[in-house]
1. Just how large is the dipole of the stretch 516-560 about the Cα centre, in debye to the nearest 20, putting +1 at every Lys and Arg Cβ and -1 at every Asp and Glu Cβ?
2. Between Thr408 and Arg81, what's the calculated FRET efficiency when r is the beta-carbon distance and R0 is 22 Å? Round to 0.05.
3. Where does the stretch 114-189 land on Rg/Rh, using Cα atoms and the Kirkwood Rh?
4. Compute the acute angle (0 to 90°) between the alpha-carbon long axis of helix 30-45 and the principal axis of greatest extent of the alpha-carbon atoms of the chain; round to the nearest 10°.
5. Hey, fewest Cβ within 10 Å first, where do Met482, Met35 land in order?
6. Based on the Cβ-Cβ distance from Ala511 to Asp415, what FRET efficiency comes out when R0 is 56 Å, to the nearest 0.05?
7. Mind jotting down a quarter of the surface of the convex hull over the alpha carbons of the stretch 456-660, in square nanometres, one decimal?
8. Kindly provide the helix-only [θ] at 222 nm of the chain, computed as the sum of -39,500 (n - 2.57) over DSSP H runs of four or more divided by all residues, to the nearest 500 deg cm²/dmol?
Amino acid sequence: MPVSAPSALEAVLAPGGSLERALPGYEPRPDQLRMAVAVADALARRRYLVAEAGTGTGKTLAYLLPAVQSGRRVIISTATRTLQEQIWFRDIPLLRDRCGVEISAAYLKGRANYYCIARGEEFERHPTFPTREEAALWPRIREWARTTDTGDRAEIDLPDSYLAWKDLSATGETCIGKECTAWEDCFVQQARARAAGADVVLVNHHLFFADLAMRTSRAGVEVLPPYEAVIFDEAHAIEDVATEYFGLQVSSYRVEELARDAQRTVADRPDLASMLKRTTGELSKAGERFFGSVARALAGGTGRGEPPRGGRRPEEENLRGTLLPAMLAPLAGEQERLDVALEELRAEICDDPAPALQQIARRAAELRVELAAVTAMKEPSRVFFAEARGRGVFLRAAPIDVAEEIATRLYRNVDTAIFASATLATQGRFDYFRRQVGLRPDLDVDERVFPGPFDYATQAALVAPAGLPDPNQPGFVAAAAMAVRGLAEVTGGRAFVLCTSVRNMLAFREALRDLPYQLLLQGERPKHRLLEAFRERPSVLFATQSFWEGVDVPGAALSLVVIDRLPFAPPGDPVVAARVKALAEEGHDAFSELQVPAAALQLRQGFGRLVRSRADRGLVAVLDPRLTTRGYGRAFLASLPPSPLLRSIDEARRWWERTTG
């Protein structure tokens, strides 16, 4: 039986507890202990809990400690790899080694993070690299692969963009399971065995929902061990991840990898290699032509080979649009060519007894079925769309109502789920979040807010400069850039300029190229390198979506956060448009019930970059006049932390001088 929750929690988290004794200078946090008691209660009483914990609450320990003390098998799922690694490498050792808490835990990543022994041996026989820089890393990878105990690529700190890794790891499609000669030594199987023996298993949202989708559609393919409860940290990200995994996806990458894997699998069989060379070559060409036409159609061409308006699509530009019969009809011949190539590959190898070739044949058959399903567009409960991102082109079918999917797949089988984040409530209520994740009114749900230790009324001010044009007017960027210039002068740079589009990011960077500070641009170098440079000396960083959340720069290095406009999702986004239409058909006001709350939560994420410690002081500027001139602006203001509202740069200067002087 688990120990008494309050006494066991107080022994660690209360004043004088083991955590305070373990960390010199540690200050007990009342909200942390209150949240821990609420989590322990939910785990003991088998209920659902929605807990908003402000920055500085210490929410990780507030759910981790009661989870390990609950006596139940608990999955902890996070949105980001950064938080996952923080819990595994910092928080768990802290509780176990310095606070004396007995912990049975395991750390499980998606299959693609682990080195595949069989594919590695195959690759070593015929190594190929896209660049000389990647080839130069191969000796280090090969040596590591012979000595590693886990096979986790994080041990060798490879660049995120290391393309050859996909040939050194396996996916659910490429793994042949127990037929593999390396099955007994497989790093994925060893990681799963450790997870099966642990009481707490640490995963990320992508792995959790991939597993949930598989275990509720096909028996025997589960990745995670059986569990009794799940704790979602960064729970605001659940809807997007669940939408991705509860749908179908066919991509140019899947076709490319199928052709390459087929050719590599028969490299040592001359009888098949020459025959498959023609088949895989035809498959590659058919896939390139079909998906290339989809990308051109998205970018404004006809889909029949003309370049998009304005020339070639930059690879960093993401394009996304609803699939329509008029878009796909001109591509029918190219789709048929791709379908025939997939069937030819399947037919040529399906009778071969080799497990690896049987797997290739199954992949080809599944791709045919899924391509036909996505392009048929016949399921009214799904939205069908195409996306061009980087070098890849994707055709997707996503559920319109992911909340119902979550309720059906998760809540019917698990009686305890805890949702934690710094941003879950809008205007002080959880209605929007509960609709997102299917927590219906009839479910027994406890709702709690733990504000945390920061005094936003004195630590931060919200600047909404009067007189700026509407962000949709041509003169907006020029006028807003002047405001950024004045605000940066107040704080001496040390600013994030967070934009809602790549176009605005580049326009602001160009308009402010003469600022007397180090200027940094998202995409110029890896994210962690940008942050290192930002901390070194006064800087202005221009960024988009990936810097709105999950970025932590405490101290004076970040004193100003500028947000260009209210972060409404693009109205033409296929998923958003489908959900707006569905709500309208049910008689709901989609703008107030979906679009405004979603944007308000995103704005809170941007605001949250500023105050990361009790010593932090600074300004958050929103350059969109709709915040104060439109009725719905009140919903945004009511969702932000309570702080003074300043209407001019002069007011901002006076507040800054008074606060920091």
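We did not get these values from a lab; they are worked out from the coordinates using the rules stated. None of the values given here were measured: they were computed from a predicted structure. For neighbour counting, all protein chains shown are included, and Cβ atoms are generated from backbone atoms with ideal geometry for every residue, glycine included.
1. On the way: 5 positive and 5 negative charges, 24 e Å.
Dipole magnitude for the stretch 516-560 comes out near 120 debye.
2. Working: r = 29 Å, r/R0 = 1.30.
After rounding to 0.05, the efficiency reads 0.15.
3. Working: Rg = 12.0 Å, Rh = 12.8 Å.
Computed over Cα atoms, the ratio is 0.94.
4. 50
5. Going from least to most buried by this count: Met482, Met35.
6. Values: r = 55 Å, r/R0 = 0.98.
Working from the Cβ atoms, E equals 0.55.
7. Numbers: hull surface 45.6 nm².
Mean shadow area of the hull around the Cα atoms is 11.4 nm².
8. Numbers: 26 runs with 288 residues, N = 661.
About -13000 deg cm²/dmol.
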